[in-house]
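For reference, the structure is listed below as C-alpha cells.
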C-alpha cells in the first residue's frame with residue numbers, strides 16, 4: 001500500500017502539491033490526471049524520493065519512503081534522460097548496473113518487440129522511439145511501484161499500443177502502476193482507477209467501472225466535470 | 001476493439017466473447033486465454049478481464065477447470081439460448097431506431113425485404 005498523507009511541497013513563491021492525502025493499493029493501475037502544472041510530476045518525484053516533501057509523509061507498506069524503497073520504485077521521467085553517446089544497448093547495460101531488479105533479457109525482449117535496434121544511438125531516435133525505449137527500460141525492472149510520467153506523450157498510435165501492452169504485461173496483483181497523462185481517453189480501458197489533481201490539491205479517486213456502471217460516466221466525462229469551466233473541487 | 005467509454009467495459013468484452021461463441025468463432029469446449037492474455041488481447045485492465053470471466057461463468061457461457069483454465073461451455077442448448085437473446089436484443093435496437101424515425105414495424109419489415117443486401 002502506498003500512502004500519501006498530507007503531502008505538501010512548496011517552492012519559492014508556489015505550492016506545487018498542497019496537503020495531498022490518498023492511498024494506492026496493489027493490484028491496480030492508476031491514472032494520475034490533471035492539467036499541466038497541477039502537481040503530478042512533483043508528487044511522483046516525491047514518491048520516488050528525488051525531492052522531499054515540505055511537510056507530510058509518503059509511506060510504502062507502513063514505512064517512510066527512503067533509500068530502501070527506491071529499490072522497489074521504478075520511475076520514468078517525462079524529459080529524456082539518456083546521454084547522447086549511448087546506444088540502446090548501452091542504456092540496458094547502464095540500467096543493469098544501477099538496479100538489482102533490472103532484467104536484461106526482459107529488456108531485450110521488449111526492445112525487439114518494439115522494433116528498436118540495440119545499435120541505434122539515443123540522440124538519433126525519433127520521439128516515438130525514444131518514448132518506447134524509456135518505457136521498455138523502466139518496465140524491464142521488477143519493481144513494486146511503477147511511476148510513469150506522461151508515457152504516451154508525442155507518440156503515434158502503433159507506439160501507443162506497444163506501450164499499453166507492455167504496461168499491462170507488467171501489471172500484477174502485487175504491484176502498483178501509476179500513469180500520468182493528459183490524454184485521458186487513451187487510458188479508459190487500461191487503468192481501473194483514476195486520481196485527480198486540481199491546482200495542486202487532491203480532487204478525487206474513482207473506480208472507472210464503478211463510475212460507468214452507476215453513473216454512466218466515462219473518465220473523460222469526470223475529467224470535464226472536475227476541470228471544465230465552473231467545475232468545483234469535491235474533496 | 002473500440003469501447004463505449006460510458007458503459008462498463010467488462011460487459012462489452014463479455015458480449016464480444018458471447019458473439020464469438022454464438023457465431024462459431026469459439027467452439028464448444030475451446031480453451032479461452034488466461035486472464036492476463038485476455039487483458040492483452042482486448043487492451044483491458046487485468047481486473048476487468050477477471051471480471052469478464054466471472055460474468056461469463058455466472059451466465060453459463062464458460063466454466064473453469066481447476067488449475068487448467070477457462071473453457072467455452074459444452075451446453076449447446078445454452079448457446080442456442082444466447083443466440084436467441086442476442087438476436088432479440090439486436091432486433092429491438094433496430095426497431096427502436098426505426099420507430100424514432102417514424103417508420104412503423106410493417107414499413108420496416110417491407111424495407112428489410114426489399115433491401116438490396118438481402
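Just so it is clear, none of the values below were taken in a lab; they were calculated from the coordinates. Keep in mind that this is a model prediction, so the values were computed, not measured. Don't worry about glycine lacking a Cβ; one is built from the backbone with ideal geometry, like all the others, and counts go over all protein chains shown.
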Revision key, fill the gap. Extend 7 Å from the Cα of residue A:5 along its Cα-to-C-beta direction; within the range A:54-94, residues with backbone N under 13 Å of that point are A:56-65
Check your understanding: If you count, for each residue, the other Cβ atoms within 10 Å and average over each peptide, how do A:177-184, A:118-125 line up from highest to lowest?
Key -> A:177-184, A:118-125
Check your understanding: By how many degrees, 0 to 90 and rounded to 10, does the Cα axis of helix A:104-113 deviate from the longest principal axis of chain A?
Key -> 90
Exercise for review: Could you tell me how many degrees, from 0 to 90 and to the nearest 10, lie between the Cα long axis of helix A:127-139 and the main elongation axis, the longest principal axis, of the Cα atoms of chain A?
Suggested key: 80
Revision key, fill the gap. Inter-chain shielding metric for A:187-196, i.e. average beta-carbon neighbours from other chains within 10 angstrom, reads 4
Check your understanding: P(r) of the range A:1-157 in 5 Å steps, Cα pairs, percent per bin?
Key -> 2, 9, 17, 20, 18, 14, 11, 7, 2, 0
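What list do you get for B:10, A:75 if you sort them by fewest beta carbons within 10 Å? Write down the numbers at each step before the final one.
Details: B:10 23, A:75 20.
By the 10 Å Cβ count, ascending: A:75, B:10.
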Revision key, fill the gap. At 4 °C in a medium of viscosity 1.567 mPa s, chain B has a Stokes-Einstein diffusion coefficient, with Rh taken as the Kirkwood radius over alpha carbon pairs, in µm² per second, of 80
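What average count of beta carbons from other chains do you get within 10 Å of the Cβ of residues in B:37-49?
Averaged over the peptide's residues, the number is 5.
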Check your understanding: How do B:96, A:193 rank when sorted from fewest to most other Cβ atoms within 10 Å of their own Cβ?
Key -> B:96, A:193
Exercise for review: Sort A:85, A:43 so the one with the fewest other Cβ atoms within 10 Å of its own Cβ comes first.
Suggested key: A:85, A:43
Practice item. Would you kindly compute the Cα radius of gyration of the range A:126-235 and its largest Cα-Cα separation (Dmax), both in Å? Key: 14.9, 43
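Summing -39500 (n - 2.57) over the DSSP H runs of n ≥ 4 in chain A and dividing by its residue number, what mean residue ellipticity at 222 nm do you reach, to the nearest 500 deg cm²/dmol? Don't skip to the end; give the middle numbers.
Details: 8 runs with 78 residues, N = 235.
Result for chain A: -9500 deg cm²/dmol, rounded to the nearest 500.
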Exercise for review: Using only the alpha carbons, work out the radius of gyration and Dmax of the range B:9-74 in angstrom.
Suggested key: 10.7, 28
Exercise for review: Taking chain B as the reference, fit the longest principal axis to its C-alpha atoms, fit the long axis of helix B:46-59 to the helix C-alpha atoms, and give the angle between the two in degrees, 0 to 90, nearest 10.
Suggested key: 70
Point to revise | Centroid-to-centroid separation of the range A:89-140 and the range B:32-47 [C-alpha atoms, Å] | key: 25
Check your understanding: Could you give the alpha-carbon Rg of the protein assembly as shown over 2.2 N^0.38 Å, rounded to two decimals?
Key -> 1.16
